[in-house]
1. Using a Förster distance of 45 angstrom, determine the FRET efficiency expected from the C-beta separation of Q70 and Q150, and round it to 0.05.
2. Take the alpha-carbon centre of region 37-58, take the same for region 92-107, and report the distance between them in whole Å.
3. Using 7 Å Cα-to-Cβ label points, what is the R43/R31 separation (nm, one decimal)?
4. Listing L155, L65 from the residue with the fewest other Cβ atoms within 10 Å to the one with the most, what is the order?
5. With the crude spin-label approximation of a point 7 Å out along Cα→Cβ, what separation in nm comes out for I108 versus L87?
6. Between L100 and N80, what is the FRET efficiency for a Förster distance of 30 Å, r being their Cβ-Cβ separation, to the nearest 0.05?
7. What is the diffusion coefficient of region 26-65 in µm²/s, taking the Kirkwood radius over Cα pairs and the Stokes-Einstein relation at 20 °C with a viscosity of 1.002 mPa s?
Amino acid sequence: MDKGRSPNHGNGSSLPPLGRYSVFTPHCAKRQSATRSIKRKMRYIAKLERKIQASQTEEVFLSALLPLLQRDTDDLTAQNSELEWQLQTLELQVHLTDALNEALQEEIRRARMQIGQTIANGGPITNFPASYGGIQEDYPTSNVMNIAVQQFQQLQIHSQNQEQRSSMQPQAQARDMNLSSVPSPIQGHNASPGTSSED
């Protein structure tokens with residue numbers, strides 16, 4: 001063997017042995033891949049935990065809000081029934097008013113006819129009330145008017161009593177409760193609908 005020969009010549013013994021990389025490189029790559037996979041799984045688990053906490057917080061808020069919404073729903077249902085009854089009352093009042101107007105118009109027409117007949121017969125106008133009163137006995141118009149007036153008065157009394165009972169009902173407590181003590185992810189929620197209605 002020539003001692004003067006450079007180690008860089010010959011069969012290429014100066015190159016790093018390939019066997020060493022073939023043994024250690026796949027092992028390191030697998031370990032790094034496993035580490036990255038574990039980190040990804042940990043981040044995913046942390047993300048899921050945050051979502052679970054947010055869902056639990058929202059569930060607590062909605063559980064506290066549900067009774068308030070149910071109470072408001074009951075109040076709105078009662079107000080709806082009251083408004084429906086008031087609408088029916090107004091419709092009946094309109095019908096009674098129309099009946100009264102028709103009865104009054106009929107009375108006026110008959111009164112004019114009686115006056116015309118009295119004048120045509122040359123009778124004194126001063127006798128008209130007595131004769132007109134006798135004619136009324138032959139027609140039920142005055143009875144219709146009296147019945148309509150009585151029904152109208154009863155409706156007014158019943159409407160006043162209903163309004164008094166409605167005013168004595170307690171208002172919904174949802175508008176007086178403070179929801180700030182409940183952890184809420186929902187912002188800007190308003191749980192106080194209008195509760196007043198006028199005829």
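1. Details: r = 42 Å, r/R0 = 0.94.
Between Q70 and Q150 the formula returns 0.60.
2. A separation of 74 Å, based on Cα centres.
3. Result: 2.3 nm between the two label points.
4. Values: L155 15, L65 18.
In order of increasing Cβ crowding within 10 Å: L155, L65.
5. Taking the two extended label points, one gets 3.3 nm.
6. Numbers: r = 30 Å, r/R0 = 1.01.
According to the calculation, E is roughly 0.50.
7. Numbers: Rh = 12.3 Å.
Once the numbers are plugged in, D ends up at 175 µm²/s.
Only the coordinates and a few stated rules stand behind these numbers; no lab work does. As the structure is a computational prediction, the values presented were derived from the model and not from experiment. Every residue, glycine among them, receives a Cβ derived from its backbone with ideal geometry; neighbour counts consider all protein chains shown.
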